[in-house]
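Since the structure comes first, as structure tokens, the remarks are kept for the end.
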Amino acid sequence: MAKNTPATELNEDLQGLLQKERFITLATVDHESGAPSVSAISWVYAADAGTIKFAVDHRSRIIENINKNDAVVFNLIGAGSCFSISGKASVESERMEEVPIKLAKVSVSVSEVRDVMFYGAKIVTEPAYDKTYDEEAAAKLDKQVMDALKA
């Protein structure tokens, strides 16, 4: 993707990056202040080139923000660069029944994808994180959530 030339959907590389759980940030418009609000999320899945789904706690401020203003922006670091993925979000399900914890399922219709990495640089190490709770329980929950996002 050439810099400064926005696309209207995810390319194959970005779709591939969003086929499994990963660190990504999500910006919404705060429903009270009207200011930008940024959150880190991990349960994200690209259903196709034009749709990204994600799961968050059903009580998350993200859900309140989307219900008031559906404009969202993901920030994805990967494929050697940093990408801004804009779209319109809608709460697809207030409660994902397939998952033992109360998570909402959100669908985002992608409208614009931009390479926003500053000139003359590339990402050489992508963000990584460790789960801080029981690894076996985390793996089981992650599989349940990702399967539910794919459904």
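The values are calculated or read from the model by the stated rules, or taken from the named source; none is laboratory data. Please read all numbers here as calculations on a predicted model, not as lab measurements. Quick reminder, even Gly has a Cβ in these numbers, built from the backbone with ideal geometry, and neighbours come from all protein chains shown.
Being exposed (fewer than 10 other Cβ atoms within 10 Å of the Cβ) and among the β-branched types (Val, Ile, Thr), is that true of even one residue in segment 136-146? Checking segment 136-146: not a single residue is exposed (fewer than 10 other Cβ atoms within 10 Å of the Cβ) and among the β-branched types (Val, Ile, Thr).
The residues listed here are Ser37, Ser90; of these, the one that is among the hydroxyl-bearing types (Ser, Thr, Tyr), surrounded by 15 or more Cβ atoms within 10 Å (Cβ to Cβ) and touching a strand residue (DSSP E or B) at 6+ places or on another chain (Cβ under 7 Å) is Ser37. All of (1) assigned to a helix (DSSP H, G or I); (2) under 30 Å from Pro6 (Cβ atoms); (3) hydrophobic (A, V, I, L, M, F, W, C) hold for Phe74 with one exception: (1). For Ala27, the requirement of being part of a strand (DSSP E or B) and in contact (Cβ under 8 Å) with a residue 24 or more places away in the chain is met. For Val124, indicate whether it is modelled with pLDDT of 95 or more, assigned to a loop (DSSP other than H, G, I, E, B) and farther than 23 Å from Lys140 by Cβ. Here the answer is yes, as Val124 does meet what is asked.
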